[in-house]
Amino acid sequence: MKNPFSLQGKTILVTGASSGIGRQTAIECSRMGASVVLSARNVERLQETYSQLEGEGHLILPADLLDTVQIESLVSSLPEVNGIVLCCGKGLTLPMQFATRDKFDDIFNINLFAPFELLRLIYKKKKIQKQGSIVTLASLGGTQIFSGRNGIYGASKAALNSVMMFCAKEFSSRRIRVNCICPGMVDTPLIHRGTVTEEQLQENEKLYPLGRYGKPEDIAYAAVYLLSDAASWITGQQLVLDGGISIK
Amino acid sequence: MKTIDEFVELFGELFDDIDTSNFTPETNFRDNDEWSSLIALSVIAMVDDEFDVTLVGNDIKNATTIADIYNCIVAKSE
């Protein structure tokens with residue numbers, strides 16, 4: 001029986017696959033039958049992810065996406081893929097009066113320019129097949145103002161959301177779909193940076209109507225769906241996954 | 001490195017409503033009507049700007065006086 005939710009026979013590139021949402025997405029893709037290409041900077045941690053994959057045909061292609069040369073080399077060694085999940089990213093909590101240009105540059109480079117440049121080259125070099133699916137991890141902070149003094153981070157994700165919607169429009173000529181996932185707070189290393197204390201995070205978690213922060217698998221399942229043929233008619237969307245925190 | 005008196009002044013500038021001219025190193029910085037989690041984040045950001053030292057939320061949480069935070073900066077910049 002054909003299962004439209006399966007990723008059998010698909011090759012999926014996952015960036016940021018060394019931890020958090022990226023790692024879990026890679027694992028869930030492999031469980032759904034995909035061959036996964038793992039990328040991130042840290043080879044050791046990529047190997048940890050690799051060891052948790054199911055099935056065969058997986059590949060590790062390490063790259064620092066802040067380095068244009070490394071992006072180019074990643075794209076040239078990349079096999080043709082059917083799907084891409086862009087998970088690389090960095091958080092920052094900083095009141096706006098301290099939001100200097102160098103802080104903006106640091107976050108925009110990794111959250112916006114790096115994933116976009118990778119996507120641009122993959123598309124231009126036709127390394128993603130027709131009818132492929134691109135999933136970008138943006139953030140609830142890119143769709144609305146949420147508490148937590150994450151202005152630069154939110155702005156980078158808002159820009160990412162916007163860029164991806166333009167890509168969705170243009171890439172439709174190859175029937176390639178482009179969607180964003182916008183999570184609320186997900187329990188990954190990205191939120192445990194120490195700027196706010198664990199106690200403050202626990203207080204914040206209580207505000208979530210479904211009673212908890214997200215888990216990486218909550219996001220990974222949505223990515224799997226958007227990558228699958230079951231989502232063939234979905235493009236240009238910003239899917240909010242947030243345990244209900246944005247309910248007005 | 002900036003002196004503790006300069007730090008006390010920079011610390012006071014993070015408040016908008018209360019009079020901070022009487023702040024000293026020994027001031028308990030929570031003992032006023034304005035202290036908040038936003039000011040705590042501003043302290044972390046100001047220290048990053050002025051001292052190139054990264055404090056975390058727990059450094060603020062474990063401090064009582066302004067001098068406690070300054071000492072933490074000194075310890076972290078060694």
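Miscellaneous remarks
- Percentage relative contact order, chain A, counting C-alpha pairs under 8 Å, at least six apart: 21
- Pairs of Lys in the range A:31-189 closer than 24 Å at Cα, counting only those 8 or more apart or on different chains: 10
- Long hydrophobic helices in chain A, taken as whole DSSP H segments with a C-alpha length of 24 Å or more on their own axis and mean Kyte-Doolittle hydropathy at least 1.6, are absent.
- Rg over Rh for the range A:149-195 works out to 1.12, using Cα positions for both radii and the Kirkwood form for Rh.
- In plain terms, the C-alpha convex hull of chain B casts an average shadow of 4.5 nm² when viewed from every direction.
- Here the accessible area of the range A:1-93 is 47 percent carbon and sulfur, with a 1.4 angstrom probe and all protein chains present.
- Euclidean distance between Cα centres, the range A:72-134 to the range B:27-76, Å: 34
- The simple Förster model, with R0 at 30 Å and r as the Cβ-Cβ distance, assigns B:Asn71 and A:Arg101 a FRET efficiency of 0.45.
- Taking all C-alpha pairs of the range A:126-248, those more than 19 Å from each other amount to 51 percent.
- In degrees, nearest ten, helix B:37-51 long axis to first principal axis of chain B (Cα): 40
- q = 0.10, 0.11 Å⁻¹, the protein assembly as shown: log10 I(q)/I(0) [Debye, one scatterer per Cα]: -0.63, -0.74
- Computed on the range A:153-238, with alpha-carbon pairs under 8 angstrom and 6+ residues apart, the relative contact order is 41 percent.
- Accessible area per residue was computed with a 1.4 Å probe on protein heavy atoms; A:Phe171 scores about 10 Å².
The values are calculated or read from the model by the stated rules, or taken from the named source; none is laboratory data. Computed from a prediction, not measured in an experiment: that's the story for all the values here. Methodologically, a virtual Cβ is constructed for each residue, glycine included, from the backbone with ideal geometry; neighbour enumeration extends over all protein chains shown. Note: accessible area is taken over every heavy atom of the protein model, side chains too, but ligands, DNA and RNA are not part of it. Shrake-Rupley method; radii C 1.70, N 1.55, O 1.52, S 1.80 Å.
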